[in-house]
1. For the cross-link pairs Lys76/Lys202; Lys7/Lys202; Lys7/Lys227; Lys78/Lys202; Lys45/Lys78; Lys3/Lys227, which exceed 22 Å when the distance is taken from alpha carbon to alpha carbon?
2. Testing the spin-label approximation: label points 7 Å from Cα along Cα→Cβ at Asp156 and Leu212. State their distance in nm.
3. Compute the FRET efficiency between Lys141 and Glu49 as 1/(1 + (r/R0)^6), taking r as their Cβ-Cβ distance and R0 = 25 Å, and round to the nearest 0.05.
4. Report the gain in length on full extension from Asn120 to Ile21: 0.36 nm times residue separation, minus Cα-Cα distance, nm rounded to one decimal.
5. What distance in nm separates the simple spin-label points at Ser57 and Lys7, each placed 7 Å from Cα in the Cβ direction?
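All of the numbers you see were taken from the coordinates with simple rules; none came from a lab. Bear in mind that the values here come from a model prediction, so they are computed numbers and not experimental data. Virtual Cβ from ideal backbone geometry, glycine too; neighbours counted across all protein chains shown.
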Amino acid sequence: MLKETEKILLAAILFLLLARIFIITAGNYAGDSSIYDTSSNPQSKEIIELTNSYRQSIGLNQLAINPRLTQAAVNKAKDILAGGYFNHSSPTGRKFSDWIKEVGYTYFYVGENLAIDFQNSQDTFEAWLKSETHRRNLEQKEFQETGVAAINGNYDGRKTTVIVQLFGTRALAENLTIENALLPRPLIKTDEAATDFQKPLKAAGNFFDLMLIICAPLFLLVLWINKPKNQKNIGKIIIADTSNDQIKPTATLSVSRPKSPGTKQKPIKNAGSNNPTKLLSPESRLKPPSKNRPPIIPTRRPQ
């Protein structure tokens with residue numbers, strides 16, 4: 001019974017380890033849900049600098065970097081790579097504004113620019129200026145903040161970079177004044193910024209971790225209980241030394257044939273021996289040899 005339990009627990013632990021490895025791999029592919037730092041990504045920083053330089057050249061205000069918009073851009077870029085689409089709305093019907101609402105950014109105005117397969121930030125920005133809808137977002141005077149994400153990944157079987165730039169103007173809440181309305185909000189928690197794809201992965205990972213914590217000690221306990229039983233019937237191995245043993249020849253049966261007239265019969269040698277065996281005459285074969293055998297007295301039967 002304990003032996004079967006040991007096998008079941010071992011199989012469960014192996015399954016849980018494989019499942020945990022899969023979840024870690026999927027989580028790395030989907031990306032970390034922590035707050036995205038624009039300054040650590042040169043391409044994102046270059047996009048913001050080109051945007052503000054262009055807006056300043058046409059007499060518009062520069063855009064402030066908002067961490068919530070940045071996180072929303074990261075989440076959207078990762079969803080594009082995971083879903084294999086390139087659109088302002090996902091195949092499930094989510095609009096780009098849903099990612100902005102998800103991170104807690106309350107807005108009056110929002111906009112989005114997308115780019116893919118560009119080698120550098122300058123080419124990306126020039127392509128946006130050539131597009132009427134993209135240029136309109138860059139020149140929108142109502143926008144006050146921005147957030148940019150440049151995420152590398154696999155799209156349609158090839159390695160590429162997805163760039164998402166979000167624009168926004170925050171709505172004034174009761175506790176906000178005009179002076180601090182444009183200031184970036186504090187960084188949000190990781191759980192608040194997690195995407196729909198990452199939340200079930202995190203829940204599954206927590207479940208598998210709990211099962212591993214339960215199964216591993218049970219397996220060690222059963223293994224410890226079974227260990228004395230497994231060693232109980234182990235005996236000593238004795239190796240016989242046959243170097244001094246002598247193989248004795250076994251007795252063999254000698255067979256003789258009746259003599260033919262004019263021929264001599266050769267003795268048959270015993271196998272494994274150089275001494276010929278003695279032949280018995282036909283008379284001696286018929287009668288067992290015996291010493292002091294009493295004489296045979298003929299008797300008569302009544303007729």
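1. Over 22 Å Cα-Cα: Lys7/Lys202.
2. 3.8 nm
3. E between Lys141 and Glu49, to the nearest 0.05, is 0.80.
4. Contour length minus the Cα-Cα distance gives 32.2 nm.
5. That separation, rounded to one decimal, is 7.5 nm.
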